[in-house]
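One structure below.
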Amino acid sequence: MTDTYDIRAVLLQVIQDQTPKSPTGASLQQTSVLEETKRRLGITYENLVKEQAILTTWHDLFRTGYLAWGLNITNPKPPFFHVTENGRRALASLSRDPGNPAGYLRHLSTIATLNPIANSYLKEGLDCYVAGLYKAAAVMIGGATESVILELRDITVQKLNTLGKSILKNLTDWKIKTVSDALHNFLDSNKKRFTPELRDEFEAYWMAFAQQIRTVRNDAGHPTSVDPVTSDTVHASLLIFPELAKLAAKLRTWITNSLT
């Protein structure tokens, strides 16, 4: 059975390919997109299970606001449809946008490897995001970020123990903010020993990445309004996360190989 992420990725790619390049171009129509998706997925004969899987993902794109029925007021019904603002945003960076989880995860895998816990939270966050469950997605991406930070903390503590050096009490605290701040302070005190590239990335991104994602997570977990988290803020968190993971991977390598 083809993975739902793969079906969604192919559907979005077909829509992007068939989107008219000018107002006078051919309109987007349901049958054309579905038949081409079926062909690209290699379904060469009638297969009810696989075809219904395509239809389920197809209708999800409408349910979550990526697509809407109709071309114009004269043609407001199926088979005509159009791409919404959310859909256009996803298509603009299709190879890595969180609206296309398969492409997003492929991109992430080229720059960092997540531990199983972080990977689990991230995938559930993507599932929530494409389902339009933005508060839940914010909590999940926050959990993935915390796992990355805690993994880096554990590697730091392990290395310091191996070197016989003292460990700051706050590094082993149970509160994630306390740990994150202590880890930042420890790394900041050693940044003169980083390579110039790593030092520049650390100074520019570490606090901004961790703070943005944690703030969105806290807004979702401790709401002060009816709609504390929007699709835009979660979208930003998901776009930021791969860069945080990449930076954490570089810091893990430095701690393991160069901390003395």
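Could you grab me the full set of residues in segment 39-65 that are closer than 18 Å to residue 100 by Cα, out of contact with any strand residue (DSSP E or B) (no Cβ under 8 Å at 6 or more places or on another chain) and not in a loop (DSSP other than H, G, I, E, B)? Outline the logic, then answer.
At the first step, the residues of segment 39-65 found to be closer than 18 Å to residue 100 by Cα are 40-41, 53-65.
Still in the running and out of contact with any strand residue (DSSP E or B) (no Cβ under 8 Å at 6 or more places or on another chain): 40-41, 53-60, 63-65.
Within segment 39-65, 40, 53, 54, 55, 56, 57, 58, 59, 60, 63 meet the criteria.
Can you tell me which residues in segment 108-165 are open to solvent by 70 Å² or more (accessible area, probe 1.4 Å), within 27 Å of residue 9 (Cα to Cα) and not in a helix (DSSP H, G or I)?
Scanning segment 108-165 gives 110, 113, 133.
Go through (1) without any contact (Cβ under 8 Å) to a residue 60 or more places away in the chain; (2) of a type outside the set (A, V, I, L, M); (3) over 29 Å from residue 86 (Cα atoms); (4) buried (at least 18 other Cβ atoms within 10 Å of the Cβ) one by one and return the number of the condition residue 206 breaks.
In the conditions (1) without any contact (Cβ under 8 Å) to a residue 60 or more places away in the chain; (2) of a type outside the set (A, V, I, L, M); (3) over 29 Å from residue 86 (Cα atoms); (4) buried (at least 18 other Cβ atoms within 10 Å of the Cβ), residue 206 misses (3) alone.
Only one residue in 4, 84, 19, 24 is out of contact with any Lys or Arg (no Cβ under 7 Å at 6 or more places or on another chain) and more than 24 Å from residue 129 (Cβ to Cβ), so which one is that? Spell out the reasoning first.
On the way: 4 fails: more than 24 Å from residue 129 (Cβ to Cβ); 84 fails: more than 24 Å from residue 129 (Cβ to Cβ); 19 fails: more than 24 Å from residue 129 (Cβ to Cβ).
So the residue among 4, 84, 19, 24 that is out of contact with any Lys or Arg (no Cβ under 7 Å at 6 or more places or on another chain) and more than 24 Å from residue 129 (Cβ to Cβ) is 24.
Just to be sure before I move on: is residue 31 exposed (fewer than 15 other Cβ atoms within 10 Å of the Cβ), outside any loop (DSSP other than H, G, I, E, B) and at pLDDT 95 or above in the structure I sent? Step through it out loud before you land on a result.
Working: exposed (fewer than 15 other Cβ atoms within 10 Å of the Cβ): yes; outside any loop (DSSP other than H, G, I, E, B): yes; at pLDDT 95 or above: yes.
Yes, satisfied.
Every residue in segment 69-95 that is surrounded by 14 or more Cβ atoms within 10 Å (Cβ to Cβ) and not in a loop (DSSP other than H, G, I, E, B), please.
69, 80, 81, 82, 83, 86, 87, 89, 90, 91 - these are the residues of segment 69-95 that are surrounded by 14 or more Cβ atoms within 10 Å (Cβ to Cβ) and not in a loop (DSSP other than H, G, I, E, B).
Got a number for residues in segment 99-151 being touching a Phe, Trp or Tyr at 6+ places or on another chain (Cβ under 7 Å), small (Gly, Ala, Ser) and farther than 21 Å from residue 60 by Cα?
So the count comes out to 3.
Restricting the first residue to segment 96-107 and requiring it to be farther than 19 Å from residue 134 by Cβ and in contact (Cβ under 8 Å) with a residue 24 or more places away in the chain, which pairs with a second residue that is polar (S, T, N, Q) and open to solvent by 10 Å² or more (accessible area, probe 1.4 Å) meet a Cβ separation below 7 Å and a spacing of at least six or different chains?
103/95; 107/95
Would you call residue 63 open to solvent by 70 Å² or more (accessible area, probe 1.4 Å), within 25 Å of residue 128 (Cβ to Cβ) and touching a residue at least 60 places away in the same chain (Cβ under 8 Å)?
Numbers: open to solvent by 70 Å² or more (accessible area, probe 1.4 Å): yes; within 25 Å of residue 128 (Cβ to Cβ): yes; touching a residue at least 60 places away in the same chain (Cβ under 8 Å): yes.
Taking the combined requirement at face value, the residue satisfies it.
Checking the conditions here, which among 23, 101, 116 is more than 30 Å from residue 148 (Cα to Cα) and not basic (Lys, Arg)?
Details: 101 fails: more than 30 Å from residue 148 (Cα to Cα); 116 fails: more than 30 Å from residue 148 (Cα to Cα).
Unique residue meeting the criteria: 23.
The values are calculated or read from the model by the stated rules, or taken from the named source; none is laboratory data. Just so it is clear, the model here is predicted, and its values are computed rather than measured. In this analysis, Cβ positions are derived from the backbone assuming ideal geometry, glycine residues included, and neighbour counts consider all displayed protein chains. What goes into the accessible areas is simple: the full protein's heavy atoms, side chains included, and nothing from ligands, DNA or RNA. Shrake-Rupley method; radii C 1.70, N 1.55, O 1.52, S 1.80 Å.
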